[in-house]
Amino acid sequence: MKKYIVFLLCLCVCFSCLFAQTNTEAHSAKKASRLSAILPGAGQVYNKQAWKIPIIYAGAGAVTYFAITNYNNAIKFKTEYYNRIDNNTADLLSDYTKYSDESILSLYNAYNKNFQLSIALGAAVYLLNIIDAMVYGHLYEFDINEDLSAKVSPFYLPPTSLTTHQFGINLSIKLK
């Protein structure tokens, strides 16, 4: 019985090498951009650039904070303006009694404009996240070699019967 179990274990080990999954899938920029579209930062993890995730979420958090703050203030000044127009003095905010109706309306417009700008910036952060994942997905297998070199040197050609002195700059790029 022990020989049978040992034989089965050896057989399983041998055949597991034959049927093991190998990672032959090529790196895909499309997959990186889709992952970032579904969950911001997931494409960066797929591209092995996880250090960018805090930057993405810090930008998204800042935009969200400003959007919420501007929205709440816009609603507050809109309500204050409507209460003044309706002569509803019971619901007026005590902090803004010295402000004119036009000033309250201007404050509402400013906060509403900033809220809309925050939404546009949020969309920009989201799109930049996707674009970053797509670009670095394309550059994933790009080889940056240390053997690149450039050499700049002056050159001089002596005069011949057809030309005069010639001076110039020689640029040599060496790719190994």
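Data overview
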read-out: 14 Å Cα-Cα reach of residue 30 towards aspartates and glutamates, excluding residues that sit fewer than 8 places from it in its own chain; value: 132
read-out: Those chymotrypsin sites (Phe, Trp or Tyr not before Pro) in segment 67-176 that DSSP places in a loop and that have at most 12 other beta carbons within 10 Å; value: 142
read-out: Inter-part distance where segment 120-170 and segment 32-72 are each reduced to a Cα centre, Å; value: 31
read-out: For segment 100-112, 3J(HN,Hα) per residue [Karplus equation, 6.51 cos²θ - 1.76 cosθ + 1.60, θ = phi - 60°, Hz, x = Gly/Pro]; value: 7, 4, 5, 5, 5, 5, 5, 5, 4, 4, 5, 5, 5
read-out: Filtered GluC sites (Glu not before Pro), segment 69-176: DSSP coil and at most 16 other beta carbons within 10 Å; value: 141, 146
read-out: Extreme residue, positive dipole direction of segment 63-176, given options 150, 65, 115 (C-beta unit charges); value: 150
read-out: Using a Förster distance of 35 Å, the FRET efficiency for residue 90-residue 116 (Cβ separation, nearest 0.05); value: 0.65
read-out: Stokes-Einstein D (µm²/s) once Rh is taken as the Kirkwood radius of segment 27-144 over alpha-carbon pairs, at 20 °C in 1.002 mPa s; value: 128
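Every number in this text was worked out from the coordinates using simple rules, so none of it is lab data. Every value quoted in this text rests on a predicted model; they were computed, and no experiment measured them. When we count neighbours, we look across all protein chains shown, and the Cβ atoms used for this are built from the backbone with ideal geometry, even at glycine.
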